[in-house]
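**Student:** My structure is below; once you've seen it, I'll send some questions.
The values are calculated or read from the model by the stated rules, or taken from the named source; none is laboratory data. None of these values were measured; they are calculated from a predicted model. Reconstructed Cβ throughout: ideal geometry from the backbone, glycine too, with neighbour counts over all protein chains shown.
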Amino acid sequence: MSYLLSRSVHRLTLASIAGLCTLALTLQASPAVAAPLNDGPLAPYIINGQEASISQVPWQVFVMHIFVEGETIFEGTCGGSILDSTHILTAAHCVDHEGTTTTYPAEDFFVLAGASEVSGFEATLEVPAGSQERRVARVRADPYYSPLPNIKDDVSVLELSRPLELSAAANAEAIPLVVTGDTPAPGTALSLSGYGKENGSEGAQPNGKLYSTTLTAVGSDACRNVVGVNSAVLLCAISASSSGCEGDSGGPLTEGNPPVEVGVVDFGGATCPIGAINGFTNVAAPEVRAFIEGSESPPVAARQTSPPRLTSAAASPVDFSPLTCEPGGWSGSPSFTYTFQTENAAARALQSGPSDVYAPPASLVGIPLVCIVQASNPGGVSTGRTGTTPPIGVDSAAPVASIAGLRCHMRTCTLSVAATDPNAAAVGVEPWVSYEVSRRCAANARSSRHRSARHAVCHRTASVIMPVSSVSAGHYQATATGLPYDEAVVFTVVAANAAGLRATPVFRTARLRPPSRHRTRQPRSLKSRR
């Protein structure tokens, strides 16, 4: 989709003016030179909005500038909002030479506050009853502003030559800005107002009345094709029934009641199609906010320099096998947060936080996944996205275990175990030791009458689970104590992965010998004879 800047520009021919110098003098003396002849090819104005009274949005202002290029007089119109009695917030592209970062002189601009209808002022500079007109003494454009196609930091602050009267009676009131960093969450209801045109077709003109509409915030990930690498300083909103359009540029996007301004109208689709995404400068972004509040060197948010990647430990992603989200390259030395989510209609978040590893459970078999990377630094929060995995498969590869070593001292043995999984799934190790125990059988009443019963011996097999500790990745130790001397002691190890697949059991046998000083001495009669 093609996105264009959204300032309304009208061209007026100068057939009756002899030259540029004369034209400039005429402009300064009487800016209302003629009615506009045709509209420039720039886009948003509010399509399918509701007619509004300025008393409903008293922070809204109409910004107009009249300028000369060659032998043609141009009239540009935008919206804006009242920050305080002497400062107006608008878009940088409303004050620059088209497609550049060079601003027009402050004396070219007019601001009208407290008006519900501006067509008369636009045509003749006649100030509507009850409204206030001010000239501009100074124009500040964001130092990081760049025009399309890599649009960013599209804000400007106009300093007025005289203060506005701010009161409910004057229908002129300042609007507070949203708390820095508090970007509207996806799904938040937002309000847009402006004097832009109501028909997006080429050549259509606004009727000069104030309109408003409701939009819904769209997250930067869902809007990634629009915001690109500038997600930290841009936000998106959309409506199924309306849209901003030419002439609404620079105007306020607000949230809540009482309202706060969250965005400045920036760009939209050519011809202002209903249902298309509208782009706004995010005034919650520290990079933008610091400029608005007076800084000429605001902190710069991170920008993506190479894309994030989602890698699988398995040849193809399977359940319980870990996925790793690699953040890619970023400027600005950010810290990262990783969100793993399903890549389907539900787009359900599965894990979010500083961990870049996620092992999908069996419930996600058949579903593709994606990782959203958020890069944060003092300038704001930028968003990147990995590619999508194939649908998660079923793990069919069992782990492999081995006994790497056995060390015994007296009646204590320590077992060293190695266990790995072909798909790096989590592995659990269960070792145990078994041996035969011999002891005198318990005599019953009947057998006790027989002398031989006192010498009966019973045998049983004892099995003891050995406690396990992890030594390093894939290596474990298990210890058993109190083992018998002179008996065959069998160590058995079984490993199972998180998918429930079990390794082939492995065994090791040992026979413990007591120290020589503990061995039973032979009777003297049995010693070797001379």
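**Student:** I'm trying to understand the selection: among the residues of the range 300-322, which are of a type in the set (A, V, I, L, M) and in a loop (DSSP other than H, G, I, E, B)?
**Tutor:** Passing the criteria: VAL300, ALA301, ALA302, ALA313, ALA314, ALA315.
**Student:** Out of VAL136, VAL157, VAL127, I need the residue that is in a loop (DSSP other than H, G, I, E, B), surrounded by fewer than 23 Cβ atoms within 10 Å (Cβ to Cβ) and assigned by TED's automatic domain parsing to the domain that holds ASN257. Which one?
**Tutor:** VAL127
**Student:** Sort through ASP182, ASP221, ASP154 and tell me the only one that's in contact with a helix residue (DSSP H, G or I) (Cβ under 8 Å, 6 or more places away or on another chain) and charged (D, E, K, R).
**Tutor:** Answer to the selection: ASP154.
**Student:** In the range 139-154, what residues are surrounded by fewer than 21 Cβ atoms within 10 Å (Cβ to Cβ) and either at pLDDT below 95 or touching a Lys or Arg at 6+ places or on another chain (Cβ under 8 Å) (or both)?
**Tutor:** SER146, PRO147, LEU148, PRO149, ASN150
**Student:** Would you mind stating whether ALA478 is in a loop (DSSP other than H, G, I, E, B), modelled with pLDDT of 90 or more and either surrounded by fewer than 17 Cβ atoms within 10 Å (Cβ to Cβ) or at negative phi (or both)?
**Tutor:** So ALA478 does not fit the description; no.
**Student:** Considering only the range 132-147, state which residues are touching a strand residue (DSSP E or B) at 6+ places or on another chain (Cβ under 6 Å) and either farther than 12 Å from ASP96 by Cβ or of a type outside the set (S, T, N, Q) (or both).
**Tutor:** GLN132, GLU133, ARG134, VAL136, ALA137, ARG138, VAL139, ARG140, ALA141, listed by residue number.
**Student:** Okay, moving on. Looking only at strands (runs of 3 or more DSSP E) that lie completely in the range 42-114, which have at least 1 residues being of a type in the set (Ser, Thr, Tyr)?
**Tutor:** By residue number, 72-84, 87-90.
**Student:** Still on this structure, please answer the following. Being under 26 Å from ALA129 (Cα atoms), of a type in the set (Gly, Ala, Ser) and not in a loop (DSSP other than H, G, I, E, B) is the filter here; which residues of the range 161-193 pass it?
**Tutor:** Residues satisfying the conditions are SER167, ALA172, SER193.
**Student:** Scan SER363, SER355, SER297 and give me the residue that is in contact with a strand residue (DSSP E or B) (Cβ under 9 Å, 6 or more places away or on another chain) and either outside the structural domain of LYS152 (by TED's automatic domain parsing) or assigned to a strand (DSSP E or B) (or both).
**Tutor:** Going through SER363, SER355, SER297 in turn, just one is in contact with a strand residue (DSSP E or B) (Cβ under 9 Å, 6 or more places away or on another chain) and either outside the structural domain of LYS152 (by TED's automatic domain parsing) or assigned to a strand (DSSP E or B) (or both): SER355.
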